[in-house]
Every structure is written in C-alpha cells, then in structure tokens.
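Reviewing the structure listed below.
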There are 2 protein chains.
Amino acid sequence: MLAAAVSALGLAPLYGAAQELIQPIKPPAQINIGMVELGKKLYFDPRLSKSGFISCNSCHNLSMGGTDNIPTSIGDKWQQGPINAPTVLNSSLNLAQFWDGRAADLKAQAGGPIANPGEMGFTHTLAIGVLESIPAYVREFKQVFGKDKVDIDQVTLAIAEFEKTLVTPNSRFDQWLLGKSDALSPQELAGYKLFKESGCVACHNGPAVGGASFQKMGVVEPYKSTGGAEGRSAVTGKDVDRFMFKVPTLRNVEMTYPYFHDGAVNTLPEAVDVMGRLQLGKKFTADENAKVVAFLKTLTGDQPNFALPILPPSSDKTPRPTPFSK
Amino acid sequence: MLAAAVSALGLAPLYGAAQELIQPIKPPAQINIGMVELGKKLYFDPRLSKSGFISCNSCHNLSMGGTDNIPTSIGDKWQQGPINAPTVLNSSLNLAQFWDGRAADLKAQAGGPIANPGEMGFTHTLAIGVLESIPAYVREFKQVFGKDKVDIDQVTLAIAEFEKTLVTPNSRFDQWLLGKSDALSPQELAGYKLFKESGCVACHNGPAVGGASFQKMGVVEPYKSTGGAEGRSAVTGKDVDRFMFKVPTLRNVEMTYPYFHDGAVNTLPEAVDVMGRLQLGKKFTADENAKVVAFLKTLTGDQPNFALPILPPSSDKTPRPTPFSK
C-alpha cells in the first residue's frame, strides 16, 4: 500500500515510462483536415476583431510558444488585459479553458475573445457579417460544413479543430519516456527526480504536465499579486474557490514566459523558486533549482510546422474595420 | 516616330509581351538563404518593438497582401499612423522606399519603423540589446555574418534579404505575358487595353506595374485628403514636390486595399474612378470601370509560401518588453 502511494506520487526510483505520472504527447488523431485549414485561416484573421488588427495569433502567437510573452495581453485600443495569455499549445489536453476554467472546451473558448470588449472588441454578429461578405470564405465554409449560412458555431468549431493540431510531441523528455535513455543528461534526469520527489508532479502531471486540475495559488504562503484575478471563484461563486487556478501546462515552458496567471515572473529559476516556497514549503538550493530548470527545458517539443496561411481578400461589400472609432 | 511614341505609351494593339510596358515578375535571384532565414525570423519578431507586440508583419502582414488592410496603421500604444502602409510584396522593385521615397532601399527602410516612436517605438540600441541576449540569435548572426557582435546593419540587411524573396510571380497576367493566350478572359483583356489606352500605364508600368517613379497625386483635379501627408517635398524641401508620391505597385492590388497614400478608398471600382478623373481627366463608364477592375485582379500572383518561423526564446537576461509604460 505504501509502495503504491509512493509510486503514485512519483517518489519511486525511475522504472521507465510505464510508472511515470507524465505521459508522452501524442500526435493529434481524428482530425478533420478541411476544418483545420479553415480554422487556421480564421485563427490568423484579424478581421474577426473590431480593429482589423488583432487575431487569435496576436496573443497566442505560434511563433512564440503559443503566447504573447508579455505579462498581460494587449487588447483593442491597447487595453491592458487582466490576466496572462495561456499558451494555446497542447490546450486540447486541458480539463477546461481559461485560467478559471470558465469554458468547457476549445470551441467554447474560441468565441470569447472575439466578443470581449477588452480583447478583440467585436461581436459575433459583426464577425459573421464580415465572413459572409467574403466569397472565398463562404465557399470554404460550405465545403467544410455543407451549409449555405456561416454561423459562429462553425467559426469556433473550425478554430478549435485547428487548435487540436497544436500539440508538441517529440520533446527530449518524451523521447526519454519512449525509451531513448540517452535523451536526457544526468543533470536533467536529476532535475526530473527532484521534480517528482519535491511534489511538483502532484499537480504537474499527465501528458500536458499540468492542465488536469484546479489548484490553489499560494498553498503554504499566500501569493501576492497586483493583478485582481481571483480564479475559479469567479465561475463557481464559491469562496472556497478563491485563488484556485487551472494548473498550467509545463510543456514548452521555456517559451511561455512570463509565468503565473499574472505574468509577474520572467524567468524559470524565479518561477521554480516561487513555486517551491509557496506551494510546497520547499526552498530549492541554487543547485537544485538549476537541475529542475534543466529538466523543464527538456519539455520543449516540436513546434507547429505549417505554411503561413494566405487569407482571402475582402470584397467590395465587406464591412471595414474601425480601429480608431469608439 | 509617331508609331514609336504611341507604342511607348502602350497605345498600340497587343503584339505580345515583347511590346508591353509591363513585364513579368521574376523569381528572386542571388539570394543568401541563410540571411533570408534569419531575416524572416526578425520580420516576425515583435521583440524588435518596445511593446513586444508589434513586428514588421503586424503592418506588412504576409497573410494579407503584405499590408494591414486598414487606412493608416496602428503603432505603439495604438497611435494612429499618418499614412497607409504600402505592401512589402515586390517592394524590392521600387525605385525607393516609403511613399515619399525617403529610404533609398529596403535595408534603409527596415530600420525606420523599429525606431519610430509612432510605430514600433523602440531604439536600435535597445533592439540590439534584446537580440544579443538571445543565444540562438547570436549564433545565427555569427553563422550568417561571421562576426561576434550583432549590429543594426546586420539586422536591416537580413530583413531586406528576406523581403527580396517576397515577389509574387505567376499571376494570370504574367502567364498571359509569357504566352498563355487563354490565361485572360475577353473582359480582362479589354480592361488591359483600356488600362493602356487611357494612360494608366504611363505611370503603372514595369514589372511591378508601378513603383518606378514619383508622380503628382491630383494632376487634373486636386486630391482632397484629410491626411496631412505632402509627399516627396518632405524629403527634397522643394515646393514643386508637394503631393508627389511614389506610384504604388498594382501587383496584388486586389489584396492591398484600402487605396492611396491615405487609405481613403476601400474598393477597386472607386479607386479606378478617382484615378481616372483626377489623374487622367477621364470618367470611366461603369462598363469600362468593371473591365479595368477585372484586369487589375489578374495581377494577383503567387503569395509568399513558407513555414511560419519559430522564434528563439528570450533568455533570463533578455530585457523585457514594456507595453504599458511610458
């Protein structure tokens, strides 16, 4: 019993992937490729914003780990967002979307920023009006969905289908999990051992090394943030859910700085230090910290690899963006 | 003599490409591919801006005809730019860069927006500091330029080398020029004939169908603009150069709306109408207008086709963007 419990917490010595609490990322399965190609265009299309300037890719930039690498995002008219943009990479593996989990899945998430006045600043109705004015889009929606009308369900389904392809297999850590025993250096392996023995893996587990549960930010010590986000309580209305946030994935964490829901921490050594102290009551030594960071950097997988999409041009009837009007 | 003059103005019947004043776009030659790959990353890297949010591709978006498709661009802190962003596509064919030609070539142009307070809002020194803090960039610069130090000359050379690849050969019009006689419909051919006979080709000629001269905006009638740009006089200081602007390329013009230096006109029919009246003293009939527009749409060539670049992550030492500070 004790051995099983210890093993479940990842405290056992390394027996190989079958015993690990982290599993390799799998390539996406069951993908509708026509829907993916349409969703890819929509993901890059700033005409889904009021300004004509902000697309999904603006804040979840696929050149930069699926994030914007700034503490909180820039929205319509340069509004400052309330929270750090989570990476879109491997987001299909999350138990829910947004830091507070208020969207059940990628499709439910995709409609949010378009209509958020502080983000893309548009409305679903106006976005559909734009798409329906563009003949090449109308044809592509009809080809994919078999209907004469474009609607927001199709838009968010297509974006979500594209996002399902944004997984990052083949990290060095996954190569190791899959049996390439020399894929990790002794320092990186020592970091992984520390990651498990210190308890990090209790929350950061599964194929996404996170994304599978909500946990309190600030377990042993409170987390001091200038941001006002209170996490899951905004969804449930329950006081017990204050400061409960979705555990972020650690996949590609070297690329997804700055860290935490408020983006307050710029570097991995600092993030590991804060997490150790606040969540685990553990002060990592400089040597331990370096080892954990070395392990974390082995979680960078193959980044999305596709041709930059070319967007169909607006027609004479397309309503024009209004970046500078109220 | 008269025949030669008529032919030079493009008024002669269609004899084939040899007699035409528009030449096919050629694929880029003499390209340094290592420099192109580096320049491609820099072109997409928003860390060359103060905010970490604006890259070359933000306003010269290669998904959208190398433009931002808004009248005047959005700069740092959502500042409204003074002029329409010209397309980067085929810009290597321009006699000079910017609407007023103030940059002699692509390299000279590339440094401008980075340090323009109303655009990317950064400085060359700060941009170099960011790049030098990123080990993968330092290695790539050394590989390409063979030097230990990164400098702004290397940055702008690499961006310019990438931009040289952004030509758009193989438009239907070019296929026709190269001998595919059925590449154009009778309406499109009639539009081309009108384009020549009306005098459009006097300015819009050469492989870029423009970009080869400065001309006055408002020859027959003055052009009324709410924008304050006065064109080439800002460079030469000469009153005679007021409202002289670089003739824009018409390559991919279906994608590069809105039109004119102030982006005041949204559609090709309107742009053709204004140009006819103001530049040529000619009022195109609805039928003529439709023909010229049909011809213009045959100038859309093969768009850039490359994998979205993946940017090397910042290091712990990289200075962080400051999107919301002064």
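Please state which one of B:Val144, B:Val138 is farther than 28 Å from B:Asn90 by Cβ, surrounded by 17 or more Cβ atoms within 10 Å (Cβ to Cβ) and not assigned by TED's automatic domain parsing to the domain that holds B:Gly206.
B:Val138
Listed residues A:Pro24, A:Pro71; which is facing chain B (nearest Cβ under 9 Å) and touching a residue at least 12 places away in the same chain (Cβ under 8 Å)?
Of A:Pro24, A:Pro71, the one residue that is facing chain B (nearest Cβ under 9 Å) and touching a residue at least 12 places away in the same chain (Cβ under 8 Å) is A:Pro71.
So if I check each of B:Lys77, B:Lys50, B:Lys107, which one is in a helix (DSSP H, G or I) and either touching a strand residue (DSSP E or B) at 6+ places or on another chain (Cβ under 7 Å) or more than 9 Å from every other protein chain (Cβ to nearest Cβ) (or both)?
Exactly one residue qualifies, and that residue is B:Lys107.
For the stretch A:41-85, how many residues are crowded, with 24+ Cβ neighbours inside 10 Å, farther than 23 Å from B:Gly65 by Cα and of a type in the set (D, E, K, R)?
1
May I ask you to say which residue of B:Lys317, B:Lys282, B:Lys291 is among the basic types (Lys, Arg), part of a loop (DSSP other than H, G, I, E, B), at pLDDT 95 or above and in contact with a helix residue (DSSP H, G or I) (Cβ under 6 Å, 6 or more places away or on another chain)?
Within the list B:Lys317, B:Lys282, B:Lys291, the selection yields B:Lys282.
Considering only the stretch A:292-326, state which residues are facing chain B (nearest Cβ under 9 Å) and under 30 Å from A:Glu254 (Cα atoms).
Hits for the stretch A:292-326 are A:Thr300, A:Gln303, A:Pro304, A:Asn305, A:Phe306, A:Ala307, A:Leu308, A:Pro309, A:Ile310.
Please count how many residues of the stretch A:117-147 are within 25 Å of B:Glu254 (Cα to Cα) and free of Cβ contacts under 8 Å to residues at least 24 places away in the same chain.
Count: 4.
More than 9 Å from chain B (Cβ to nearest Cβ), surrounded by fewer than 18 Cβ atoms within 10 Å (Cβ to Cβ) and on the phi > 0 side of the Ramachandran plot - does that describe any residue in the stretch A:278-287?
Within the stretch A:278-287, one or more residues are more than 9 Å from chain B (Cβ to nearest Cβ), surrounded by fewer than 18 Cβ atoms within 10 Å (Cβ to Cβ) and on the phi > 0 side of the Ramachandran plot.
How many residues does the stretch B:19-40 contain that are surrounded by 15 or more Cβ atoms within 10 Å (Cβ to Cβ) and closer than 16 Å to B:Asp302 by Cβ?
Residues meeting the conditions: 3.
Which members of the stretch A:210-267 meet the condition of being in a strand (DSSP E or B), more than 21 Å from A:Val293 (Cα to Cα) and among the hydrophobic types (A, V, I, L, M, F, W, C)?
Correct list: A:Phe214, A:Met244, A:Phe245.
Looking only at the stretch A:185-194, decide whether some residue is touching a residue at least 60 places away in the same chain (Cβ under 8 Å), outside any helix (DSSP H, G or I) and closer than 30 Å to A:Asn289 by Cβ.
Among the residues of the stretch A:185-194, at least one is touching a residue at least 60 places away in the same chain (Cβ under 8 Å), outside any helix (DSSP H, G or I) and closer than 30 Å to A:Asn289 by Cβ, which makes the answer yes.
Does B:Asp239 count as surrounded by 18 or more Cβ atoms within 10 Å (Cβ to Cβ) and of a type in the set (Asp, Glu)?
no
Just to verify a result, which residue in the stretch A:165-174, among those that are surrounded by fewer than 21 Cβ atoms within 10 Å (Cβ to Cβ) and in contact with a helix residue (DSSP H, G or I) (Cβ under 7 Å, 6 or more places away or on another chain), is farthest from A:Ser92 (Cα to Cα)?
Looking at the filtered set, the residue picked out is A:Arg172.
May I ask you to list pairs of residues, at least six apart or on different chains, whose Cβ atoms are under 6 Å apart, with the first in the stretch B:226-250 being hydroxyl-bearing (Ser, Thr, Tyr) and the second being not in a loop (DSSP other than H, G, I, E, B)?
So the pair list comes out as B:Ser233/B:Asp241.
Do any residues in the stretch A:307-326 that are at negative phi and of a type in the set (A, V, I, L, M) have Cβ atoms under 7 Å from those of residues that are surrounded by fewer than 18 Cβ atoms within 10 Å (Cβ to Cβ) and in a loop (DSSP other than H, G, I, E, B), where the two are at least six apart or on different chains, and which pairs are they?
Taking only residues 6 or more apart or on different chains, the pairs are A:Ala307/B:Asn305; A:Ala307/B:Phe306; A:Leu308/B:Phe306.
Identify, by number, the condition in (1) crowded, with 17+ Cβ neighbours inside 10 Å; (2) part of a helix (DSSP H, G or I) that B:Thr125 doesn't meet.
(1)
The values are calculated or read from the model by the stated rules, or taken from the named source; none is laboratory data. Quick caveat, the model's predicted, so the values are computed rather than measured. Virtual Cβ from ideal backbone geometry, glycine too; neighbours counted across all protein chains shown.
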